[in-house]
1. Principal axes first, then extents: for the Cα atoms of the chain, list largest minus smallest coordinate on each axis, whole Å, largest first.
2. Could I have the simple spin-label model distance between A89 and R124, label points 7 Å from Cα toward Cβ, reported in nm to one decimal?
3. Per residue Cα convex hull volume for region 113-163, in cubic angstrom?
4. Scanning the chain for helices, which whole DSSP H stretches are 15 Å or more long along the axis (Cα) and average -1.0 or more by Kyte-Doolittle?
5. Apply the a/c threshold of 1.5 to the C-alpha gyration tensor of region 74-167 and tell me whether it is rounded, prolate or oblate.
6. Looking at region 86-137 from every direction and averaging, what is the projected area of its Cα convex hull in nm²?
7. If R₀ is 41 angstrom, what is the calculated FRET efficiency for the pair R149 and T27, using the beta carbon separation as r and rounding to 0.05?
Amino acid sequence: MNLVSGRVRSVMATLEARDAADRTDGTPQELRLRAIRPEVGQMLVTLIVAMGARTIVEVGTSSGYSTLYLASGARRTGGRVVTYEVDPAKVELAGGSFADAGVDDIVELRHADGVAGLASIAGRADLVFLDAEKGDYLGALGPAIEALRPGGLLVADNLISHEADLAGFREAALSDTRLVGLVVPIGRGELVAARL
Ligand SMILES: C[S@@+](CC[C@H](N)C(=O)[O-])C[C@H]1O[C@@H](n2cnc3c(N)ncnc32)[C@H](O)[C@@H]1O
């Protein structure tokens, strides 16, 4: 069972096709969807269910593809997802994704800087998923840790695909005394770290 409904799966399939085309047709970086790999989405659903995560925060919505996985987990736990996106065109696209998928009752889409948004959560988040610009990761680490409750999880994408760019973030996260975690070699490389 993967907990992704047929209606959500149908929207995901459309976004997967567009993301695949973006990666080969010369679409400029800022317009590409840059979605997570499906196995990473399934890992997120599994973690949410295992933890009973109900307060879920995402930084970097893009089309809403990863959010649809987070929402599929949240549907099971009775939770909610707050997702942050700075690009107005992506906000519009994601809003359509959530309406089409029927998850807008449990997803709150905020057109705002997610790093600043994390600061307002103060120890209440069960899971933070970080998938913004790689230059933002190091600055997001402290706010993400402070947003998590003890036992809450930080998951961050692209630790292997952007190994050099994220070396400082990886070192800072894995050596932070408030976290215990590792980089899991699935998808593009996922940092998974629990708040102590
Ligand atoms: C890699 S894409 C996210 C992909 C998405 N998580 C998915 O898997 O479908 C990164 C997105 O983060 C957005 N972004 C970058 N910095 C941000 C920030 N500080 N707060 C919120 N969104 C941000 C970008 O506009 C872009 O749409």
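Readers should treat all values here as calculations from the given coordinates under stated rules, not as data from a laboratory. On a predicted model such as this, the values are computed, not experimentally measured, just so you know. Neighbour counts are summed over all protein chains in view; Cβ atoms, including those assigned to glycine, are modelled from backbone coordinates with ideal geometry.
1. In descending order, the Cα extents are 41, 38, 31 Å.
2. For A89 paired with R124, the spin-label model returns 3.4 nm.
3. Values: hull volume 3.4 nm³, N = 51.
Spelled out: Cα convex hull of region 113-163, divided by residues, is 66 Å³.
4. On the way: long enough: 6-22 (24 Å, -0.27); 38-51 (20 Å, 1.47); 65-77 (19 Å, -0.29); 88-101 (20 Å, 0.28).
What comes out of the filter, once short or polar helices are dropped, is 6-22, 38-51, 65-77, 88-101.
5. Numbers: a/c = 1.76, a/b = 1.25, b/c = 1.41.
Judged from the Cα gyration tensor, region 74-167 comes out oblate (a/c at least 1.5, b/c at or above a/b).
6. Values: hull surface 17.1 nm².
Spelled out: convex hull of the Cα atoms, projected over all directions, averaged, 4.3 nm².
7. Numbers: r = 39 Å, r/R0 = 0.94.
With R0 = 41 Å, the Cβ-Cβ based efficiency is 0.60.
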